[in-house]
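Computed from the coordinates by the stated procedures, all read-outs in this text should not be read as laboratory data. Remember, it's a predicted structure, so these values are computed and weren't measured experimentally. Cβ: placed from backbone, ideal geometry, glycine included. Neighbour counts: every protein chain shown.
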Amino acid sequence: ANSGSFHFAAWQETFAKRGVNFTKEHFTRLFGTRNDFIIRNVLGEELSEENVKSIVQEKEASFREKAKGNIKPFPGVVKLLNTIKRGNFKLALVSSAPKENIDLLSSELNLEGIFDCIVSGREVAESKPSPQIYLLAAEKLGAEPKDCIVIEDSPFGVKAAKAAGMRCLAVTNSHPKQDLEEADRVVDSLEKVDLITLIQRV
């Protein structure tokens, strides 16, 4: 979904209250990682766990306020998900975001019930590029990592998928092609991606 601009605005607002200018460069570099990873990267590793949790809650409340009613899917996403589902393949929604954000996006895009499992960043100890979140998704699906295909749009996400031993299709929604070249295939949009492309060409 086109949620990046709302995340960026929420981070800018949250960090500005703490005297930090959170730039587009910061956001692009850290995109796809977990909130605690971003906060410690920007404000320092010495922050207490309590402070980090407080900042996360503030930022995510701001994000949900900005995003509600304004979320739209990237072209081809919903059609591809429905095609995969009709093909009797299992689907997992895997995100570094907290569960509340995932629920909001699923509701806004009318995707409730389409996924066989949902895995949020809170369920694993390490943020992407660690493969933990994807390995947990495979475990929940009852699938071998080598049989899984990940659709990603961030360099950290691509690294995580490949480290998990999975195939990866990257989409240039938020990063240029050269930043995603570790993926098995990179496309500009999911509009022309079908099951044959996913299974045979990734």
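The range 77-201: percent of C-alpha pairs farther apart than 19 Å?
Tail fraction, whole percent: 47.
Hey, fewest Cβ within 10 Å first, where do I39, I71 land in order?
I71, I39
Below 15 Å, Cα to Cα, which aspartates and glutamates can K159 reach? Residues fewer than 8 away in the same chain don't count.
Here the aspartates and glutamates satisfying the reach criterion relative to K159 are E126, D179, E181, E182, D184.
What is the angle, in °, between the Cα long axis of helix 49-67 and the longest principal axis of the Cα atoms in the chain? Nearest 10 is fine, range 0 to 90.
Result, in degrees: 60.
How much mean residue ellipticity at 222 nm does the chain get from its helices, if each DSSP H run of length 4 or more adds -39500 (n - 2.57) and you divide by all residues, to the nearest 500 deg cm²/dmol?
Only helices count here, giving -14000 deg cm²/dmol.
Cα axis of helix 4-16 to longest principal axis of the chain: angle in degrees, 0 to 90, nearest 10?
The angle comes out at about 20 degrees.
Which residues among the range 76-110 fall inside the zone where the amide N is under 18 Å from a point 7 Å beyond the Cα of E13, along Cα→Cβ?
Zone members listed by number: 98, 100-102, 104-105.
Relative to the first principal axis of the alpha-carbon coordinates of the chain, what is the inclination of helix 99-108, with its axis defined by its Cα atoms, in degrees from 0 to 90 and to the nearest 10?
It is inclined by approximately 60 degrees.
Too long at a 21 Å Cα-Cα cut-off: which of K90/K177; K59/K177; K85/K140; K72/K146?
K90/K177; K59/K177; K72/K146
Quick one: in the range 4-67, what % of C-alpha pairs are over 18 Å apart?
Summing the P(r) of the range 4-67 above 18 Å gives 26 percent of all pairs.
Along the charge dipole of the range 12-103, pointing to its positive end and built from +1/-1 on Cβ of Lys, Arg, Asp and Glu, which listed residue (Q12, F89, A61) has its Cα farthest out?
Result: F89.
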